[in-house]
Amino acid sequence: MAAAESDREVPSALCTEFLHFSAKDTASKWLQVTDLYKEVYQHLACYVPKIYCLGPNLNPQSEDLLAQLLLQAPLEWYLCGEDPSMGLAKLEQNNQPSQLCGHVFRVGEPTYSCRECAADPTCVLCMQCFLGSVHKEHRYRMTTSGGGGFCDCGDTEAWKKGPYCQKHEPNISDSCQEDPLAHLSTDMIARCYNVFSIVLKYAVDMLTWDKEDELPPDRGDTYYCMLFNDEVHTYEQVIYTLQKAVNCTQKEAVSFATIVDRDGRKSVRFGDFAFCEQAKSVIVRNTSRQSKPLRVQVMHSSVVAHQCFALKALHWLGHVIGYSDALRRILCQVGLERGPEGENSSLVDTLMLCDSKMWKGARNVYHQLFMSSLLMDLKYKKLFAIQFAKNYERLQSDYVKDDHDREFSVTDLSVQMFTVPSLARMLITEENLMTTIIRTFVDHLRHRDLQGRFQFERYTAQQAFKFRRVQSLIGDLKYVLISRPTEWSDQLREKFLEGLDTFLELFKCMQGMDPVVRQVGQHIEMEPEWEAAFTLQMKLTHIISMMQEWCATDERVLIEAYKKCLTALTQCHSGFTDGEQPITLSMCGHSVDTIRYCVSQEKVSIHLPVSRLLAGLHVLLSKMEVAYRFPEQLPLSELSPPMLIEHPLRCLVLCAQVHAGMWRRNGFSLVNQIYYYHNVKCRVEMFDKDLIMLQAGASMMDPNHFLMIVLSRFELYHIFSSADCRKRYNRENTNKDVVQQNNTLIEEMLHLIMMVVGERFEAGVGQVEGCDEIKREIIHQLCIRPMAHSELVKALPENENKETGMERVIDCVASFKKPGVTGRGLYELRPECAKQFNLYFHHYSRADQSKAEEAQRKLKRQNGEDMALPPPMLPPFSPLFASLVNILQCDVLLGMLGAVLQWAMEPSGGHWSESMLQRVLHLIGTGLLEEQQQLENSSEDHHVSFNFTLKISRPGEAPSNTASVLALLENLQNAPHLEVHKDMIRWILKVGIKTIRELTASTYTVTASGSHGLEEMVCDKDKAERKRKAEMARLRREKIMAQMSEMQRHFINENKELFQQSLEELDASTSTSLEHSPTSSDAALVCVGPRRSRPREKRQVVTCILCQEEQEIKADSKAMVLAAFVQRSTVMSKNRKRPPHDPEHYDPLFMHPDLSFGTHTGSCGHIMHSHCWQRYFEAVQAKEQRRQQRLRVHTSYDVGNGEFLCPLCECLSNTVIPLLPGAKGSNSCEQPGLGQWLKISGQQIKAMHSAHRKLQPVSEFLPAQIILIIARHIFILSTPYSSTIKEMLTTFGTTTYKVGLKVHPNEQDPRVPIMCWGSCAYTIQSIAPHILSHSHEFISQRGTHITHFTAKTNQLPVEELLLSSLPEVGSGWHLWRCVKTGILPYLRGAALFFHHLNGVPTPPELHGNYNMDAHWEVLCGYLSLPSNLLQLYHMYLAPTVCLCSPRSPPRCPKSGGDKSRAPTLCLVCGSMLCSQSYCCQTELDGEDVGACTAHTFACGAGVGIFLRVRESQVLFLAGKTKGCFYAPPYLDDYGETDQGLRRGNPLHLCRQRYRKIQKLWRQHSVTEEIGHAQEANQTLVGIDWQHL
């Protein structure tokens, strides 16, 4: 097998030849020959096969060295005419460096775009240029590059200001642009031209060579079986296939697959033709079953050799032109020079047109060369762009058929040219690029129905794949249009309008596509395809907006575009006549001719792009005032308003009927379409434009006619047109479902009328600015609830530059509230903006509307205001839309309002709804405010024609004599079933009276006494109502208080004894505490030694969380246990490179001073009976066995390893700790002092070591074993504990032994007790640093189990402590302070241990604020130690604990910037790793695991905290199967994290959040956090954490 053979050596014959080779002589010879092409080609033909591809394994170092000496050196000598090292240095010295940076981005490299100055989002800077530019002080966006683009620093068209960084700032002397070739001699230019022509021609010929079959076969020839990359097959498929085909190991197959994915191809077998052909057939056979087979080719070794050097040659060209702009220009000239075949035959054209036939590595190399040559020279960039545009159609067709991602296609270079405004204009005018792009796009979507509309229903998988790829053309069109022209030439107008014609042809294919018909009876069998059409719509959304923006910059273009769009719409309308019959509608004395059409019975489509484009252009006519200045040029008189509103109205009726539940049998596809129709991604060019089209149509129609057509389409005409429609609640008792549907439809219809009349915040519809619309959107989002910046951004539509415009206005309407340690920063609405709230805001969903209403009512309640939510004051309409207000006062609407109010006179019974009434009240309020506004703005000579108040106060005519709207409202305000709406009705009456008074004073003759009487009546009613409510509230409060007092007295009488007893206990405890409180130094608390204080003796009664029984803790009673978790730890390690110890021969008696490994025990503090816990654990085991038979996935805990979740808090646990009674008061005089105890211990240790040395040849026992075997038996026999307590002690000890040493459990091993004591010591040391801020928590939760273990802390002499860890000291006082600082952690740990061992309470001074001197004195006294340093000098004390903190991330050791890597930083030790990558997997315990998982076992004893750098995401890992993602400590300016860097806002380290993560690590809570996360989110359990 190829991979198994050793690397070859350079053949000796070639070595000999190399010794006699002279690059200088070869170059001199070339200078004298006439046919240089032939000479160089012969040289390459001779040497290339001798250097490259001589065996199965390539040897890049050797090959590169030989290629440099034998192939490149002669070319450089010829090029320079002298020693290349001198010649190239001279070129570089004389060169004027380009003002363009041109740094090509690697995959994952950070890029920066200024949101204020960039011409578009594709304009980016590299890090160096960004840091040296003015943009670092602006609002910028930060992203990671996908690779392939380059830095735009120095490009004046890419930036509105600040185009240069400090490095690329042009000199004033360089202002005159001179030809770079002027610095070169004629001979030098000729030589360069020759060399570049030959090398580039050679490289192009070899990389595009496809004449493999024409090579003459030879028995001695060698071949390669070459495997090529594709984007269809997975890593696993390729690895499995290679193992079968070429008999390699899995590791070798992984290596092959990785290289194929990275470079695009890899030889998998080397030998004769038949040998390679056999491997090819196996690979093809194994991969052709489910999809097309992997591409494999048997290639002659000479061909592969020349292709390898061709890539090297292109690299060399890119390197050489870097020395001089003149060389770059010559290479550009050579590349674009037309070949003998005529047009499109240059070398650059050949490379582009053969792009899809090349492998990934070759494509990358020549794309890089194009970027460093053609795209860096402004003159040739233009010529290259022209050639690119000429070949555009073919290049895109090749890309669509290819299966490589866009980033590996030459079509991806379009962004480098099409986003340059001058180039884009030039390509539109000269190459008709806009038309070419759209026509190419349309040509690829050939699946149409009989009417010529797109049909995605029956797409095959291949067609769906093609559709996904062809969408990239829309991106190119977006690049072309992204910069609007400031000046128009006649040619640009002509070509743009030609492109618009093509665009309208595309829209005609979309108009009415995917029509739906209501299912009646049976549910739809198969969900129809709908996603493709909406994908197309979403992709085109920004294009449509940009087209309109282009039209808005030139009046002539706008007028022509409007005419063309209107013609297209007329053609579409003549295209589909859905059985439409003419009918006449009559109502309220008005009649209108229309057509009979039922949305619920006929075909209806949600896709109407032609209508919506016309709506957008119609608004622009108003906004740009073209409609008023050039009315004769516009076909406004030819417009048919009913035709304009027909299809948008059908679409809105469809939405209403879906909400009414009439289309349930059509399945989820229709529900999804309606959702996206209103969604922020689509609504700007869908829902909003439909509404504008209705407004445009209604403004040109009689409002009564408009409303009758609306009623007809909503299928409600029969309800409101009947003579007795006001008696509906008596008459319509037919079908409850039909009544309910009609109620919803009436609500939706009223809402539509509100929107048509009230939505005026689009510039052109209303007299507003662009920022007013954004303000209104933000206000209504914040009326729902306070929101984070990212939530607001998601709720606002983005423009083509990914901007919402929010930052410009947010401070006017909202105030920012910073986040705490958790949560996000929130924007809260300013109180003064609440009056702009509109309950029926057109972008609210039903859920949003409900939440907003609830929030606003709650706010009003808190402020003591009435509950009415009146409509806000609205801006005036633009003149073109001014007639829309007449809808409010038209007869048909007033008739509908009166009918609903009449229905509301009686309790509902299902025949009307409160939502319906609420909408009617809102419409009446809107009419009153509109009239009030017009009165305020009217002048004496301007007559107000809006008479809403007059019309709502006028009763109906004979014979019906129906009551007026105002009269109905007066009656309704007293109706008991309308309590909720009383505030709103009262507000309407108040505003109505105010308007009547104003009208009385000015124009109308309404009797003052009548209006005054009405006003007084309303005011009196208001006062009476308020007084009644206040009185009822007072009586209710008094009644409740009386009931509570009675209940309290009754309870005390029944429980007299209990109250008496508790009072006595309180008195006793108070007197006792006063007696025993330490008032003088004599009563100071001491926890150890001869003067030890007596412990408090109290009964310990605890409750089992499982059976809820209480039990006192006694030595002879049943065991009570704590759920606990034992884990290996490296939290305090000072040496993470120490290899793990051998568990079989490790002696745990003395922990190493560097604390490289320890065993930590923690507990959640929840208590159970031992037998209750055993039953619970057995049930968990049984459940897990059953689960494993059903599901083969991991859970958050491993039962096989003894793990379980605490029954109460679900905290991860793996053992239990028995609770033991507190220490009994013993004679303090028997206890030695600490100094004496340390001295005796030291003597015992010395004796033990000497005994070990004597016994070593005889016994294999460890030093501790001799003592411990005896001590263990004495301890168990002599202790008075019950059998269950002893059993639980054994359980805990065994778990500590098993986990701490990573061995199988063995109760008889003498190391079991010592591991328990070691765990106690390690746990105390890890707790001690936090004792200041968490003393209560640690004493209460973790203290009990520490009581019965001895602290074997690590001990170093003070001299060593001072020498190793203390800084340089300048005085005795400074030395004393440093020593104190070093000793205090030991004293805290000792105090904690003896407090729990002996039960002596801690001095109250330790619970206050930290003061080092005060704590020193108290701790020394508590531990019976002298506080004088000289007296402590000979004692051994513990060193301080050092914890690692992350440092700046180094470069990833293996990734090399390749896209398949995920750089990940270990936050414990600072190592940079490759996560989620095949190349960096290692073997652990016989299983392949990712780099992070492997690192956790080396660095964190199986637990790790990592930062995934490119995703800005923290990763927690525990073992191989458990992990979770955690919020990173990096926040943007809005107090939010950005996992995945999707938003791109600059991120800053939040120290509080970093400390929180640090605290999780230090307190050993990472495993617990993972457990909680996996229990809360089951999807985390299914992730293969071991691969990270």
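The values are calculated or read from the model by the stated rules, or taken from the named source; none is laboratory data. The structure displayed is predicted, hence computed values, not measured ones. When we count neighbours, we look across all protein chains shown, and the Cβ atoms used for this are built from the backbone with ideal geometry, even at glycine. Accessible surface areas use protein heavy atoms only, side chains included; no ligands, DNA or RNA. Shrake-Rupley method; radii C 1.70, N 1.55, O 1.52, S 1.80 Å.
Data table
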read-out: Failed item, numbered, when Arg919 is tested on (1) within 30 Å of Asp737 (Cα to Cα); (2) open to solvent by 40 Å² or more (accessible area, probe 1.4 Å); value: (2)
read-out: Residue within region 472-485 that is over 35 Å from the mean Cα position of the chain (by Cα) and among the hydrophobic types (A, V, I, L, M, F, W, C) present; value: no
read-out: Only one of His315, His306 that is open to solvent by 50 Å² or more (accessible area, probe 1.4 Å), of a type outside the set (Phe, Trp, Tyr) and under 23 Å from Ala362 (Cα atoms); value: His315
read-out: Conditions (1) modelled with pLDDT of 85 or more; (2) farther than 25 Å from Ile259 by Cα: number failed by Pro84; value: (1)
read-out: Selection count, region 596-638, where residues are assigned to a loop (DSSP other than H, G, I, E, B), in contact (Cβ under 8 Å) with a residue 40 or more places away in the chain and out of contact with any Gly (no Cβ under 6 Å at 6 or more places or on another chain); value: 14
read-out: Any hit, region 1494-1506, residues being of a type in the set (S, T, N, Q), crowded, with 20+ Cβ neighbours inside 10 Å and closer than 24 Å to Ser1133 by Cβ; value: yes
read-out: Residue list for region 251-273, filter: touching a residue at least 12 places away in the same chain (Cβ under 8 Å), in a helix (DSSP H, G or I) and not small (Gly, Ala, Ser); value: Glu252, Val254, Phe256, Thr258, Val260, Asp261, Arg262, Asp263, Phe273
read-out: Failed item, numbered, when Lys1559 is tested on (1) open to solvent by less than 10 Å² (accessible area, probe 1.4 Å); (2) closer than 30 Å to Met787 by Cα; (3) assigned to a helix (DSSP H, G or I); (4) not β-branched (Val, Ile, Thr); value: (1)
read-out: Test: Leu1531 is of a type in the set (A, V, I, L, M), under 29 Å from Glu1210 (Cα atoms) and at pLDDT 80 or above; value: no
read-out: Index of the failed condition, His1171 passing every other in (1) under 26 Å from Gly1318 (Cα atoms); (2) surrounded by fewer than 22 Cβ atoms within 10 Å (Cβ to Cβ); (3) at pLDDT 85 or above; value: (1)
read-out: Where a residue in region 1318-1330 is among the polar types (S, T, N, Q) and its partner, wherever it lies, is part of a helix (DSSP H, G or I), with Cβ under 6 Å and at least six apart; value: Ser1319/Thr1296; Gln1325/Gly1389
read-out: Every residue from region 458-480 that is outside any helix (DSSP H, G or I) and either in contact with a helix residue (DSSP H, G or I) (Cβ under 8 Å, 6 or more places away or on another chain) or surrounded by 13 or more Cβ atoms within 10 Å (Cβ to Cβ) (or both); value: Tyr459, Gln471
read-out: The listed residue being on the phi < 0 side of the Ramachandran plot, at pLDDT 70 or above and in a strand (DSSP E or B), out of Ile1245, Ile1217; value: Ile1217
read-out: Helices (runs of 4 or more DSSP H) (entirely within region 730-805) containing at least 2 residues that are under 25 Å from the mean Cα position of the chain (by Cα) and within 28 Å of His618 (Cβ to Cβ); value: 770-782
read-out: Filtered residues of region 564-583 (kept if at pLDDT below 85 and of a type in the set (S, T, N, Q)); value: Ser574, Thr577, Gln581
read-out: When residues of region 821-849 are limited to those that are within 21 Å of Ser790 (Cβ to Cβ) and open to solvent by 50 Å² or more (accessible area, probe 1.4 Å), the one nearest to the chain's Cα centre (by Cα); value: Arg824
read-out: Residue count, region 1110-1135 (criterion: closer than 19 Å to Val1299 by Cα and part of a loop (DSSP other than H, G, I, E, B)); value: 4
read-out: Which numbered condition Lys603 fails, given (1) open to solvent by 40 Å² or more (accessible area, probe 1.4 Å); (2) of a type outside the set (A, V, I, L, M); (3) within 23 Å of Leu497 (Cα to Cα); value: (3)
read-out: Where a residue in region 481-495 is open to solvent by 100 Å² or more (accessible area, probe 1.4 Å) and its partner, wherever it lies, is among the polar types (S, T, N, Q) and modelled with pLDDT under 95, with Cβ under 8 Å and at least six apart; value: Arg484/Thr553; Thr486/Thr553
read-out: Segments classed as helices (runs of 4 or more DSSP H), wholly inside region 1-67, with at least 2 members that are open to solvent by 70 Å² or more (accessible area, probe 1.4 Å) and modelled with pLDDT of 75 or more; value: 23-32, 36-51
read-out: Some residue of region 280-290 being in a strand (DSSP E or B), more than 27 Å from Phe465 (Cα to Cα) and open to solvent by 10 Å² or more (accessible area, probe 1.4 Å); value: no
read-out: Complete set of residues in region 631-684 that are in contact with a Phe, Trp or Tyr (Cβ under 6 Å, 6 or more places away or on another chain) and within 16 Å of Leu613 (Cα to Cα); value: Tyr677, Cys682
read-out: Filter result for Gly146 (out of contact with any Pro (no Cβ under 6 Å at 6 or more places or on another chain), at pLDDT below 85, open to solvent by less than 30 Å² (accessible area, probe 1.4 Å) and part of a loop (DSSP other than H, G, I, E, B)); value: no
read-out: Some residue of region 733-741 being modelled with pLDDT of 75 or more and closer than 16 Å to Leu654 by Cα; value: yes
read-out: Criterion: at negative phi, assigned to a loop (DSSP other than H, G, I, E, B) and either exposed (fewer than 14 other Cβ atoms within 10 Å of the Cβ) or touching a helix residue (DSSP H, G or I) at 6+ places or on another chain (Cβ under 8 Å) (or both) - qualifying residue of Cys153, Cys123; value: Cys153
read-out: Selection status of Leu383, in contact with a Leu (Cβ under 7 Å, 6 or more places away or on another chain) and open to solvent by 10 Å² or more (accessible area, probe 1.4 Å); value: yes
read-out: Count - residues of region 787-802 that are touching a residue at least 60 places away in the same chain (Cβ under 8 Å) and open to solvent by less than 30 Å² (accessible area, probe 1.4 Å); value: 6
read-out: Cβ-Cβ under 8 Å pairs, at least 6 apart or on other chains, region 281-300 side under 24 Å from Ala461 (Cα atoms), far side part of a loop (DSSP other than H, G, I, E, B) and open to solvent by 60 Å² or more (accessible area, probe 1.4 Å); value: Ser291/Val232; Lys292/Val232
